[in-house]
Amino acid sequence: MKSFYKIITIFIITLLASPVNAFDTIARSAMVIDQTTGTILMAKDADRRVPPASMSKLMTLFMLFEALRDERIAMDTEFLVSERATKIGGSTMFLREGERVSVRDLIQGIIVQSGNDACITVAENIAGTETAFADQMTKRAIELGMNNSSFGNSTGWPDPLQRMSARDLVTIANIIITEFPNYYPFFAQTSFTWDGVKQNNRNPLLPLGIGADGLKTGHTNEAGYGLVGSARQGQRRIIFMITGLESKAARANEAEKLTNWAFRQFVIKDLFKKDEVISKADVWLGEDKTIDLIAEDNISGLFPLGSLKNVDIEINYKGPIAAPIKKGDRIAILTVNTPNIGKSEHHLVASKDVASGSILNKILASAELLGRKAISGQLWAN
């Protein structure tokens, strides 16, 4: 049997509305994704390695969350505070040398108060030294596909090794939101009090009522003002990163405008429901000659509120599909191609079992194939 790739264009959608405008950000580097569909809405120098400042604390938190998930530590585990941690300077939780602080409190100290002392305490108690912890951060980032990230410390303090890209920061934010939903609510916490000192979360979007619920600000003279943010409205969630702004006010204004643009200029359309029959695939040497292809999950598309001409939906599979086939086997890829947005891919699966055919069916199928080859001249070609 010779397999071939089959492409089926099942229909074309036409959307009519006012044209969508690209977001022209003043940020030095930026990226916005629609997490619900995995669509990149905007990218500006998204792979450029930039100083991340305290936004790199997201990687520190990820390492801590992994240690919790792996049960190497628990939320009530107490970490010892070193002299070095108390003398780091910059944003602080106001820890004291020699005291023991729970992981739960340190998480809040890092997220809400951006405590450099809390980060070093975490690093030293997990890896022995901050340098060893930073090396682990770099190695883990590469394993996660964050190839434009490297770390010289756990805090985001200026260091030639401390670099991340907008894409990598959006990636680690997405991983935290997806893999650690039990810890993610800490990012929406508006204040935290430690040792009698109350500090407010520096994320400017949290009090605005636009669905913002995370993640982390950052600022150094080298990096400028930045924010890795996320917001949810209805069934949609966006994640973004901006950096290189000149002031807190510029950061707040740009983040709010970017969030509103991402939600107001794009809309999700439901295309197919889970288990809905979408097409058919040819079967080779099976009891049935075809198999229904159904959606593995609900399939939605993100579309700009714009004057788009054609949105192509195609099905691609390598067939005919050899029997036996099991219900749920992934057979084909459905691709939604939206101009000015890009492509999204979704799996189509077999709707039922298809057993191998009888000997007679196999003989008939082989004879049919030989007949087709003879007609096309392939049988005699060499």
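The values are calculated or read from the model by the stated rules, or taken from the named source; none is laboratory data. Not measured: the values here are computed from a predicted model. With ideal geometry, Cβ positions are generated from the backbone for all residues, glycine too; neighbour counts draw on all protein chains shown.
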Open item on the list: I'd like to check something: does region 154-176 contain any residue that is surrounded by fewer than 18 Cβ atoms within 10 Å (Cβ to Cβ), out of contact with any helix residue (DSSP H, G or I) (no Cβ under 8 Å at 6 or more places or on another chain) and of a type in the set (S, T, Y)?
Closed with: no
TODO: Kindly state which helices (runs of 4 or more DSSP H) lie completely within region 52-168 and contain at least 2 residues that are of a type in the set (A, V, I, L, M, F, W, C).
DONE: 57-69, 103-111, 116-127, 130-143
Task: Selection count, region 244-279, where residues are under 21 Å from V311 (Cα atoms) and of a type in the set (A, V, I, L, M, F, W, C) - done: 9
TODO: From T259, T290, grab the single residue that is among the hydroxyl-bearing types (S, T, Y) and either touching a His at 6+ places or on another chain (Cβ under 6 Å) or assigned by TED's automatic domain parsing to the domain that holds T37 (or both).
DONE: T259
Open item on the list: Report every pair of residues separated by at least 6 positions or lying on different chains whose Cβ atoms are under 7 Å apart, first residue within region 276-289 and under 16 Å from E314 (Cα atoms) and touching a residue at least 24 places away in the same chain (Cβ under 8 Å), second in a strand (DSSP E or B) and aromatic (F, W, Y).
Closed with: I278/F272; A281/Y317
- [ ] Answer yes or no: is there a residue in region 310-317 that is in contact with a His (Cβ under 9 Å, 6 or more places away or on another chain) and either surrounded by 19 or more Cβ atoms within 10 Å (Cβ to Cβ) or assigned to a strand (DSSP E or B) (or both).
- [x] no
Task: Residues that are within 23 Å of P158 (Cα to Cα) and outside any strand (DSSP E or B), drawn from region 205-236 - done: N221, E222, A223
Task: Residues located in region 127-149, provided they are over 21 Å from I242 (Cβ atoms) and buried (at least 21 other Cβ atoms within 10 Å of the Cβ) - done: E130, F133, A134, M137
TODO: Could you list, in sequence order, all residues of region 180-190 that are more than 24 Å from E130 (Cα to Cα), in contact with a helix residue (DSSP H, G or I) (Cβ under 8 Å, 6 or more places away or on another chain) and not hydroxyl-bearing (S, T, Y)?
DONE: A188, Q189
Task: Selection count, region 30-48, where residues are surrounded by 17 or more Cβ atoms within 10 Å (Cβ to Cβ) and not in a strand (DSSP E or B) - done: 4
Open item on the list: Going through D297, D292 one at a time, which residue ends up being in a loop (DSSP other than H, G, I, E, B) and either touching a residue at least 12 places away in the same chain (Cβ under 8 Å) or farther than 30 Å from G209 by Cα (or both)?
Closed with: D297
Open item on the list: Tell me yes or no: at least one residue of region 191-204 is part of a helix (DSSP H, G or I) and in contact with a helix residue (DSSP H, G or I) (Cβ under 9 Å, 6 or more places away or on another chain).
Closed with: no
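Here's the yes/no breakdown for (1) free of Cβ contacts under 8 Å to residues at least 40 places away in the same chain; (2) in contact with a Leu (Cβ under 8 Å, 6 or more places away or on another chain):
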| residue | (1), (2) |
| --- | --- |
| R140 | no, no |
| M146 | yes, no |
| S149 | no, no |
| G152 | yes, yes |
| T155 | no, no |
| Q162 | no, no |
| D168 | yes, no |
| T171 | yes, yes |
| I175 | no, yes |
